[in-house]
1. Quick check on the range 174-243: take the gyration tensor over C-alpha atoms, sort the square-rooted eigenvalues as a ≥ b ≥ c, and tell me if it's rounded (a/c under 1.5), prolate or oblate.
2. Over the alpha carbons of the range 1-96, what is the largest minus smallest coordinate on each principal axis, giving the biggest first in Å?
3. For a quick check of your reading of the filter: which trypsin sites (Lys or Arg not before Pro) in the range 1-98 sit in a DSSP loop and have no more than 15 other Cβ atoms within 10 Å?
4. Within the range 3-18, find all residues whose amide N lies under 18 Å from a label point positioned 7 Å from the Cα of residue 177 along Cα-to-beta-carbon.
5. Under the 0.36 nm per residue contour assumption, what length would be gained going from the current alpha-carbon distance of residue 199 and residue 20 to full extension?
6. How much length would be gained if the chain were fully extended between residue 138 and residue 260, taking 0.36 nm per residue of separation minus their Cα-Cα distance, in nm to one decimal?
7. Kindly work out what percent of the DSSP beta bridges joining two residues of the range 117-244 are antiparallel, to the nearest 5.
8. With 22 Å as the limit, write out which pairs from 39/256; 39/122; 25/54; 69/248; 120/232 have Cα-Cα distances beyond it, or answer none.
Amino acid sequence: MSNIYMIGMDTSKHQASKVDYSKAKQHGFGFVILRIGYKTTKDKCFETDYARAKAAGFKVGVYFYTMSKEPTEATQDATRVLGWLNGRALDLPVFYDLEDSTQSGAARAMVNAQMYQAFKQKIDADGNYSCGLYTGEYFFNHYINNNGLTENLWIAKYSTREPQIGRQVAIWQYTSDKVNEAYYKGNLARNYMLVNITAPEPKPVKQSKNPYPVPTRNLKRTIPMMRGNDVKWLQYELGIKVDGIFGKDTLEAVRKYQQTSGKGLKVDGIVGPATRYALKND
């Protein structure tokens, strides 16, 4: 077997933030890959697990479970993930979890590869993160046109033999059975890091002239209407009257931006992570 640099785990809301990362560290774990979201939903345990894992000294990466079907949707996936990350530091890549049954089949091999490349291109363009692909051994070998795809491969194969994919695996997810109850009661996916992955150097922080705080909540038209300095941030970015009230004019400006930005945003008038990220980086 290849050299093992580090042993790690991956977690999501299915563990309900009940992993004791400090005790897991004492049992030899060094990294965790947290699910940041799935489809269009942010994982409800991500923030808590990120804070606890970093406090325990873990190296942290994230993964996003996609059910997208086309490259344009993969770009939207990446924009959403970047919005949720909001510039925070990662030690390991952002992994695109490409394994859903709706994406299987040899006829989808080229499209699946194009989806990953579209996701990667958007993540790479941000400049703060590296990108990787997660999937199973069979899926990688049969449902992804993987010619030339070599970087940061996280492959699942529950076996004593590491994945056979014709190239080096960076991380091998080798089991998902019960673990020591000292740090978690139940089954937990575990991984071997077979390549010493390092985080990219962060790019210089873009200085903003916007004097108002970046929103941490989703902004939208409500009754009573949303108010606050974060609404002022939005109005400043949109170039409209700044009054801190999310009214009809703000709603129309948001929809217009979503429709004309060319960034594949959903035109729903809601300023969630994807729209917020797009506005910040225009």
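Values in this text are rule-based calculations from the coordinates and carry no lab data. The structure displayed is predicted, hence computed values, not measured ones. A quick note on method: Cβ atoms are made from the backbone with ideal geometry, for glycine too, and the neighbour counts reach across all protein chains shown.
1. oblate
2. Sorted from largest, the Cα extents of the range 1-96 read 42, 33, 24 Å.
3. Listed in order of number, the matching sites are 18, 39, 44, 69, 88.
4. 8-10
5. Computed gain between residue 199 and residue 20 is 62.0 nm.
6. 39.9 nm
7. Antiparallel: roughly 50 percent of the beta bridges in the range 117-244.
8. Beyond 22 Å: 39/256; 69/248; 120/232.
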